[in-house]
Amino acid sequence: MRVLIIGGDGYCGWASALHLSARGHDIAILDSLARRRWDSELGLSTLTPIRSMPERLRAWEHVSGRAIRFFEADATDYVALCDAIIATQPDAIVNFGQQRSAPYSMIDRDHAARTMINNTLGNLNVLWAMREHAPDAHLVKLGTMGEYGTPNIEIEEGFITIEHKGRRDTLPFPKQIGSFYHLTKVADSDQIYFACRVWGLCATDLNQGVVYGLHTEETALDPELINRFDYDGIFGSALNRFCVQAALDHPLTVYGRGGQTRAFLNITDTARCVGLAVESPPQPGTFRVFNQFTQTFSVLSLARLVQRVGAKLGLVVQIEHVENPRVEREAHFYSSLNNNLISLGLEPVLLGDEIVAAMISSAQTYRARIDRDQIMPTVRWKREAVHGTVEANAQERAG
Ligand code: NAD
Ligand code: USQ
């Protein structure tokens, strides 16, 4: 299949692009390289020395014999997006190309607005571009489990059947966001569902949990193909951060009590799930939702796992209960379905000691690149402490 991957220079997009290319699909990537710019604006850097896009693509062609076409363009630039779609005539468009950090979207008004514009306008453009130039293509859109929040009932896959005052209907599952970033994902889902209903487009919304891990089969083939691995307080996600903290002899930063339970999956499974979705498109006019995760953990249980594995590696890993910079429940019920991807054949990579040990060991390999000042969270959800501290800190570090 011809697949256009928007956001293919990022963590999930790069792993998925190589996986789909290795499976024989004809891949093109469209990416604005915005994420690399946001990192440098904030004085952040991935743990791993990722190569430039041309270097990565050359390395992949060398290793696999397969070319990937690259469009440096922004999904918010409608003409550039349409040009790429016209040039590639995709059977599927996978959209990873968004600002994906909850803390980034909570820095200040400017970062909230940038997140809203980038994500919401980009998603809208993709839908209109499909309507005009690729109405039969299948949109595979990365959403998030965080759209649902932490309700006190089991989370369904996208829709719930409700009986109300003697009548019954199947409606979108209620959404309870945890940041302005998460709100953009809810808006995306509504836009896509609407476009499927009115224009007959077909789409799969992949409500993904928190991703962990560094290597996939493909990115491990050559050092030039290495993926990004964020550990900082803005883009770094829980388990990846804990592994870097363990390697650095830094106490693990559990926010609050650590009873926050989330859905997780390995980066290898991200790529596989996207592959499964792309290779089994729904009927025209269909909007389907897959909950894309394999396991659930509380933050504290992950910290304890990293502590235990760290001890086996000879590290003394402390756990610190940091004052929670976010506003979220620290102890709650959490249960969600994830049947759709399993029924398409997903055989999950389950988190265990070996995976955690490999992540800590990768962090040790690149220890010299770690900036200790990036570890602690700097963005607070509550009003009194927001005031642009992150930018001020970044400017100070940039010198
Ligand atoms: P990332 O920041 O590593 O990659 C995103 C990529 O999209 C970057 O290369 C960036 O340059 C590009 N991009 C951003 N805005 C763009 C635009 N307007 N036009 C073109 N390119 C643009 O993020 P990621 O971790 O790979 O996440 C990818 C997607 O998966 C996001 O939509 C995110 O919401 C979703 N997701 C990620 C996780 C996770 O744990 N990483 C979990 C759930 C869902
Ligand atoms: N947390 C800690 N300590 C840390 C970092 C995080 O306790 O050092 C806690 C947070 O408070 C939160 C949980 O861990 O309760 C998850 O936080 P995270 O930063 O790992 O993930 P999150 O902000 O939810 O965002 C990530 C991705 C986002 C994606 C989301 C999936 O950055 O793109 O949408 O995971 S989900 O969580 O299902 O919404």
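Laboratory data are not the source of any read-out in this text; all were calculated from the coordinates shown. What you see is a predicted model; the values in this text were computed from it and never measured. Backbone-built Cβ (ideal geometry, glycine too); neighbour counts: all protein chains shown.
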Over the stretch 306-384, equivalent-ellipsoid semi-axes from the Cα gyration tensor in Å: 27, 25, 14
Cα Rg over Rh - the chain, Kirkwood: 0.95
Mean residue ellipticity (222 nm) of the chain, computed from DSSP H runs ≥ 4 via -39,500 (n - 2.57), nearest 500: -11500 deg cm²/dmol
Dipole magnitude (debye, nearest 20) for the stretch 122-257, charges at Cβ of Lys, Arg, Asp, Glu: 660 debye
Most mobile of Leu344, Leu18, Leu305 in a GNM of the chain (Cα contacts under 10 Å): Leu344
Computed magnitude of the charge dipole of the chain (debye, nearest 20; Cβ of K, R +1, Cβ of D, E -1): 600 debye
GNM top mover of Ala247, Ala358, Ala102 - the chain, alpha-carbon springs below 10 Å: Ala358
Distance (nanometres) between label positions extended 7 Å along Cα→Cβ at His321 and Thr286: 4.7 nm
Whole-Å distance, taken between Cα centres, linking the stretch 271-316 and the stretch 159-228: 14 Å
Sites Leu121 and Glu41, calculated FRET efficiency, Cβ-Cβ separation with R0 25 Å, nearest 0.05: 0.80
Cα pair distances in the stretch 145-228, grouped into 10 Å bins until the bin that holds the longest one, percent each: 14, 32, 28, 19, 5, 2, 0
Range of Cα positions in the stretch 56-121 per principal axis (Å), largest first: 45, 27, 18
Estimated inter-spin distance, Met376 and Ala87, nm [label 7 Å along Cα→Cβ]: 4.7 nm
Radius of gyration, Dmax [the stretch 196-254; alpha carbons; angstrom]: 17.1, 55
Choice from Arg288, Arg36, Arg262 showing the highest fluctuation, given a GNM over the chain with Cα pairs closer than 10 Å: Arg36
Semi-axis lengths (Å, descending) of the ellipsoid that matches the C-alpha gyration tensor of the stretch 1-48: 25, 11, 5
Within-15-Å neighbourhood charge of Arg272 [Cβ basis; K, R +1; D, E -1]: -4
Added length on full extension, which subtracts the Cα-Cα distance from 0.36 nm per residue, Trp128 to Leu313: 61.4 nm
The chain: antiparallel DSSP beta bridges as a percent of all, rounded to 5: 20 percent
Extended-chain gain in nm, criterion 0.36 nm per residue less alpha-carbon gap, Arg109 and Ile162: 15.4 nm
Long-range lysine pairs (8 or more apart or interchain), the chain, Cα under 24 Å: 6
Cut-off 11 Å between beta-carbons: net charge of the residues surrounding Pro325, Lys and Arg +1, Asp and Glu -1: +1
Added length on full extension, which subtracts the Cα-Cα distance from 0.36 nm per residue, Ser361 to Val198: 53.6 nm
